[in-house]
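S.K.: One structure, pasted below without further comment.
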Amino acid sequence: MSSYLKESWAEFWAGGISKLGVIFLLTVVVISIYTLLNFPLDYGTRYWNNPKYWADNPKASMPVWVNLFTAQKFLNHFSMSTRIPSKAFLSGGHYLKFYNVSYELTVNQFPTFITIKLEDVVYYRKAPSVKVIVQRPDGRVMELYTLIVESPVPGEKPPYVRYSDEPKKIILSGNTYVAMVLSKFLAREYKISVAPSDIMDVGYEAVIFGYPGDDGKFKPLKGIYNLSVVLYAKDGKDKIGRVTFVVGGQVYGLMGTDTLGRDLAQGLLFGFPVALLIGFTTSFLTTLIGASLGIVGGYMGGKIDDLIQRVSDVVNNLPQLPLLIFLTFIFGGKLWIIVAVLIAFGWPNLVIVVRSMILQIKSSPFVEAAVSIGASKWRIMARHIFPQVAPYILSQMIFYTPSAILSEAALSFLGLGDPSIPTWGQILEYGFDNGAVYLGYWWWILPPGLLIVFSAVTFVLIALGLEPVVNPRLRRWR
Amino acid sequence: MSFLEAENLILYYKTLRGPVRAVDNVGFTLNRGETLGLVGESGCGKSSTAIALMRLLPRNVERFEGKVILDGLNLMDLSDEEFRGKVRWKRISMVFQGAMNSLNPVLRVGFQVAEPLMIHKGMKKREAMKRAEDLFKMVGLPPDFAYRYPHELSGGMKQRVVIAMALVLNPEIVILDEPTSALDVSIQAQIMNLLKKLKKKLNISMIFITHDIALASDICDRIGVMYAGQIVELGSSEDVLLNPKHPYTQKLIASVPLLRGDRVPEFIPGAPPDLVNPPAGCRFRPRCSHAFGKCGLEPPFIELEEGRFVKCWLYGGED
Amino acid sequence: MGLGKTLTIKGLSLLFVLFCVLFLTVIIIGATGVSDRILSAILSDRVRAFRQEMATKITDPEKLNEAVEEYRRAQISSLGLDKPWYIRMPSMVWRIITLDLGNARTVISFSGSNKIADIILERMPNTVFLMVTVLIVNFLLSLAIGVKVATKPGSFLDRFVSLYSAVSYALPTWWLAMILILVFAFYIRIFPFGGMFSTPPPTDPFWRCLDLAWHLCLPVTTLVIALSGSWIYITRSIVITVAQEDFVTAARAKGLPEKLVLWRYIVRVAAPPILTNLILGLAFYLTGAILTETVFSWPGIGLLYFNAIMSVDEALILALTYVFTLIYVIARFVLEVLYVIVDPRVRYK
């Protein structure tokens, strides 16, 4: 027996195809483990489907590494927080605390938006005010926005905490007050007059991060910017818990973002363990049921065999996808329902082939010998028949795995998937629905599909590698 | 000169473990109208010899050489295409081991018999089928069986079809590879009778390959005994069977049970050698009760008298 | 004689399957309450229409309500909503069998009717046309490449084909479609984004054909790439296995030319198992139809199905599930006919 295993392994390992398959498989498993260790299990409902979580990201933006290949560089997305003031001093009766970050504009592009988030503002006496100040590389300074924190409510006692559950978001683009500031800024610094209502046409970011060129158009001003939020407080203990500056870029992350701003890299990562889970569960259970029924039916014969055959015949004659769609539509798109339906359609295939193999083995001499010794039916099936068909069953199981992965992806693509878990099919569905194909969002369309193909190919390669072991006629030498 | 002469025939197969020396320097002669039997255990190379003669080589051939002279023409000189066009089936045909599998399951059997006529002689289908029907009659089958499919015939019937198929182009030599081993004894007897009848009627030369000596004795004029890819004894049937010279032949004959008498059949201890690494010297040495020092060298094919050969040091030969 | 009897038996068993599916579907719809939902929707539509119509004639609100209520009660009994679903079942089954499929809620046919039967009938040919084209191309490809590669196993072409088959099996059809559109329609711009004809379609028949062919290119290419891989591989495997059979050696021994041996002894004998695998893989064609039509906006019943799901048009979904099963069963029957013709061993006596 062990020499048979050794020979089988040698045959399997001989082909380059098998080696490739195993390497791929290891990759997938490692990535899946990494994902499961680093992400919570309810990632889908808690983060992925939660638009607020992605609100700060640029929408439908390309991956960061695009800059390696294009002549015209794109702007990286920028997001940075600070908790500690860089300087604090008393001036004119106010305690001033400066929270700032430094932002460098290195490419010839304007940022797409700029927002400031304030969290956990704590004050002890009078409500403080907050100013947003931008210092440009050319030395010019803009005082863009002033916010007065909400006063204490009657009955409230110090310390007064604001913006704890819900951070305060200051969006500069589109704000009328900011427009006035910018209009005045342009008049004062560049002697050009743009009415506040026209700032929108020029672009807020163009004014903040640019300068007017000779042709009248604004050009990006490259260099280091100092973005600060200044707290004017009445008590020295007043502070802001965290200030986050988000300067919108055109590229973000390892795999870019979708129209909701979701980091595609995370969604794609999560797809690995899901694919493995679906693939293995479905194929394992399908194989288990199909093979068992095939062995039992083939060996027992008679009425049981007939019944099993009739049922598999009927199921086999059913077209898979339309009925899959139909059942998912009726019972809802939960993951376990999809798996259950896939199994229900998959098992007859195996029954037919296993059964015919059993029929051949049944009449072989050593089975007859076992029967004549008096071995029970179950013992014969388990000890004598099963080992003969085991390699074939194993290879079928592996071959069926990609089919399960692909079916789930197809269902997700049609909108019937399980919405609480991000899968590659779902990402593609969202993309297609939002016209990503027609808008050329290649980073959204290509990677999920490639990953589906990759994981499916992994199993196909292994199954192909197993074929010469299982079917001796396909071996290299006769 | 004999009608067919094989000399130094070599056929090695390529395998993962190394070359298998299936036919290792085989030589024999065959006269017109004569039946030569090739006898030996499974794996001794008799089927491979037939393959070599018919040039039906598989993909993994390591070495194939030697001389096969048919009526003065060295067949090994012919190209594959020439061999196919001039020799195969026209001059030498074959009845394969396991007739069940020699027939194409989706074609009618008569058609398969008639095919060579249509291909090699350009006959029209109707005429060729007529000839096939005649052949069916000759081998003892009703002519309308020609329109049946293989799965509609019994084992014995299929064997007859295959024999008819082999005779269709009136070849000069027919090779029969275990033509009866898959059949039960009564059918076996019928087929043997058919073969004897055909031999007398058509006066064809036959090479009869079998592991069953008794069968060989029934129909063969001359017998060659093969062991481990080589012919170890060759001579007239009578001589070889009643007066075996090679230790292996002796043991082989002693192992045949007799219907009458109390003689206990002997058996030969050990197993045939591995053809990838055959032992140096005489290949039967490990199992031979007469082995002595010289047997470490490969014995020559000694001619004891005209047409009588032994490959054994016991009978002389030089170093 | 064996041929006819075999075909009849096969035909009957497939019909049996169709009925099973039908019953199962109707039972599921009934038991899960979907049919109640469908009928309620139809009921409220009718009542609303009636009310609108009556409102112009009867001005007294109380009288109006009375009339509507009466109408509603009459409708409930005629639709069978007052009875449990298993009483309604037989008539529903009968209606579906006779293809009286009702009306679609959200879709209308090109000619303006919203009878489901009309809608389906006018889109079906589009789908059939597409799939038959793909089938023919696949068949020719697998014959040419699969056989050629099987005669030289282990060669470079053989290994390339194996890899191609593996990849094409793993390739989601719909994703491939998206990629092809991205590359050829968006970037290179030589093929259209989708649809069957340009808008407006050319009137001249010659240009119309050309327009159709132009629109056909990407969908057919997608489906061929996605589906031919497994065909070619199966053909190759089976041909290799058959090529090692004894009767092939016997055929060569008979001095038959290699080409003849290949086609009459290898391919002809390999045909039945290849057909079997085809039959098993037929489901993929249906799947491919639905998904590809969706991506290419090809106006066939696949796209229709997708739209029905998206807009939750229950009556349409039910009808289309049935139609798809019907098509599948018919296609299988055709293939089984071919199988029995090709392999004399499976005929009954």
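Derivation of every value follows stated rules applied to the coordinates shown; laboratory data play no part. Being a predicted model, the structure only gives us computed values, none of them experimental. Cβ placement follows ideal geometry from the backbone for every residue including glycine, while neighbour counts extend to all protein chains displayed.
S.K.: Residue B:207's amide H: which non-local residues (gap 5+, or another chain) put their own amide H closer than 5 Å, with H modeled 1.01 Å from N in plane and none for Pro or chain starts?
M.R.: Amide H neighbours of residue B:207: B:36, B:174, B:175, B:176.
S.K.: Using packing as a proxy for protection, rank B:115-125, C:173-183 so that the peptide with the highest average count of other Cβ atoms within 10 Å comes first.
M.R.: Ranking the peptides B:115-125, C:173-183 by packing returns C:173-183, B:115-125.
S.K.: So, one more: Near residue A:138, within a Cβ-to-Cβ distance under 13 Å, what is the net charge of the other residues, with Lys and Arg +1 and Asp and Glu -1? Before the final figure, lay out the partial values.
M.R.: Values: positive: A:136, A:140, A:219, A:222; negative: A:189.
Its environment carries a net charge of +3.
S.K.: Where q = 0.12 Å⁻¹, what log10 of I(q)/I(0) comes from the Debye formula for chain B, counting one point per Cα?
M.R.: -0.85
S.K.: Moving to a separate point now. Residue by residue through the stretch A:21-27, what is 3J(HN,Hα) from phi via Karplus (6.51 cos²θ - 1.76 cosθ + 1.60, θ = phi - 60°)? Round to whole Hz and write x for glycine and proline.
M.R.: x, 5, 4, 4, 4, 4, 4
S.K.: Also, quick follow-up: So for the pair residue C:132, residue A:42, with labels modelled 7 Å out along Cα→Cβ, what separation do we get in nm?
M.R.: 5.6
S.K.: If you don't mind, there's one more thing I want to ask. Calculate the FRET efficiency for residue A:450 and residue A:56 from the Cβ-Cβ distance with a Förster distance of 22 Å, rounded to the nearest 0.05.
M.R.: That gives a FRET efficiency of 0.20.
S.K.: To one decimal place, what Kirkwood hydrodynamic radius in Å is obtained for the stretch B:200-253 from all pairs of distinct Cα atoms?
M.R.: Answer for the stretch B:200-253: a Kirkwood hydrodynamic radius of 11.7 Å.
S.K.: How shielded is B:104-112 by partner chains, expressed as the average number of their Cβ atoms within 10 Å of its Cβ atoms? Before the final figure, lay out each step's value.
M.R.: Details: counts 10, 8, 11, 7, 1, 0, 0, 1, 6.
Average neighbour count from other chains, rounded to a whole number: 5.
S.K.: Also, I was wondering about something else. Averaging over all projection directions, find the projected area of the Cα convex hull of the stretch B:99-185 and quote it in nm² with one decimal place.
M.R.: 5.6
S.K.: Considering the zone a paramagnetic label at residue C:213 would reach in this model (a point 7 Å from Cα along the Cα-to-Cβ line), which residues of the stretch C:123-157 have amide N under 11 Å from it?
M.R.: none
S.K.: Would you calculate the separation in nanometres between label points at residue B:64 and residue C:71, each defined as 7 Å from the Cα along the Cα-to-beta-carbon direction?
M.R.: 8.9
S.K.: Within straight cross-link reach of residue A:217, meaning Cα distance under 23 Å, which lysines are found once same-chain residues fewer than 8 apart are removed?
M.R.: A:73, A:184, A:191
S.K.: How big is the Rg/Rh ratio for the stretch A:340-478, C-alpha atoms only, Rh by Kirkwood, two decimals?
M.R.: Reported Rg/Rh (Cα atoms, Kirkwood Rh): 1.17.
S.K.: For the stretch A:174-270, what does the equivalent ellipsoid look like in terms of its semi-axes, each the square root of 5 times an eigenvalue of the Cα gyration tensor, given largest first in whole Å?
M.R.: Computed over the stretch A:174-270, the values are 30, 25, 13 Å.
S.K.: Which FRET efficiency, nearest 0.05, do residue C:307 and residue C:47 yield, Cβ-Cβ r, R0 30 Å? Working shown, then result.
M.R.: Details: r = 26 Å, r/R0 = 0.88.
In this case the efficiency is close to 0.70.
S.K.: Let me ask something else. For chain A, just the Cα set please: Rg and Dmax, both in angstrom.
M.R.: Cα radius of gyration and Dmax of chain A are 32.5, 108 Å respectively.
S.K.: Let me confirm one metric for peptide B:55-63, namely the mean number of other chain beta-carbon atoms within 10 Å of its residues' beta-carbons. Walk me through the numbers before you get to the answer.
M.R.: On the way: counts 2, 4, 1, 4, 7, 3, 0, 0, 0.
Taking the mean over all residues of the peptide, I get 2.
S.K.: Which residues does the label zone of residue B:197 cover in the stretch B:123-140, counting backbone N under 11 Å from a point 7 Å along Cα→Cβ?
M.R.: B:137-140
S.K.: So what's Rg/Rh here for the stretch A:78-247, counting alpha carbon atoms and using the Kirkwood radius for Rh?
M.R.: On the way: Rg = 17.0 Å, Rh = 16.9 Å.
Using Cα coordinates only, the ratio equals 1.01.
S.K.: Additional query: Using DSSP to define loop residues, name the chymotrypsin sites (Phe, Trp or Tyr not before Pro) in the stretch A:18-96 whose beta-carbon has at most 12 other beta-carbon atoms within 10 Å.
M.R.: A:69
S.K.: Sort the stretch B:264-303 into rounded, prolate or oblate with this rule: let a ≥ b ≥ c be the square roots of the eigenvalues of the Cα gyration tensor; rounded if a/c is under 1.5, and if a/c is not under 1.5, prolate when a/b is larger than b/c, oblate otherwise. Walk me through the numbers on the way to the answer.
M.R.: Working: a/c = 1.94, a/b = 1.30, b/c = 1.49.
Oblate.
S.K.: Any idea what the relative contact order of the stretch B:182-315 is, in percent, if you count C-alpha pairs under 8 Å spaced at least 6 apart?
M.R.: Relative contact order here is 19 percent.
S.K.: Let me ask something else. What net charge is computed for the residues neighbouring residue B:29, neighbours being all others with C-beta under 13 Å from the C-beta of residue B:29, Lys and Arg scored +1, Asp and Glu -1?
M.R.: -3
S.K.: Oh, and also: So which trypsin sites (Lys or Arg not before Pro) in the stretch C:158-237 are both in a DSSP loop and have at most 15 other Cβ atoms within 10 Å of their Cβ? It would help to have the intermediate numbers written out before the result.
M.R.: Values: sites: C:159, C:189, C:208, C:236; in loops: C:189.
Qualifying residues, ordered by number: C:189.
S.K.: Can you pull the one-decimal nm distance between simple spin-label points at residue A:83 and residue B:123, each 7 Å off the Cα toward Cβ?
M.R.: Calculated label separation equals 10.0 nm.
S.K.: How do the peptides B:11-19, A:137-145, C:293-301 rank, highest first, by the average count of neighbouring beta carbon atoms within 10 Å per residue?
M.R.: Listed from highest to lowest mean packing, they are C:293-301, B:11-19, A:137-145.
S.K.: Kirkwood Rh over Cα pairs of the stretch B:1-156 into Stokes-Einstein at 4 °C, 1.567 mPa s: D in µm²/s?
M.R.: 73
S.K.: Here is a follow-up. On a straight-distance basis, which lysines could pair with residue B:125 in a cross-link, Cα separation under 22 angstrom, same-chain partners fewer than 8 positions away excluded?
M.R.: B:86, B:90, B:137, B:158, C:254, C:259
S.K.: Given the stretch C:238-349 reduced to its alpha-carbon atoms as identical point scatterers, what log10 I(q)/I(0) does the Debye formula return at q = 0.19, 0.20 Å⁻¹?
M.R.: For the stretch C:238-349, the Cα-only Debye profile gives -0.96, -1.01.
S.K.: Dividing the Cα radius of gyration by the Kirkwood radius, what Rg/Rh value follows for the protein assembly as shown?
M.R.: 1.12
S.K.: Excluding residues on the same chain fewer than 8 positions from residue B:245, give the lysines whose Cα lies under 22 Å from its Cα.
M.R.: Excluding near neighbours in sequence, the set is B:46, B:294, B:311.
S.K.: Turning to a different aspect of this structure: With n ≥ 4 as the cut-off for DSSP H runs, can you work out [θ] at 222 nm for the protein assembly as shown, using -39500 (n - 2.57) per run divided by the number of residues, rounded to the nearest 500?
M.R.: Details: 36 runs with 577 residues, N = 1146.
Dividing the helical sum by the residues of the protein assembly as shown leaves -16500 deg cm²/dmol.
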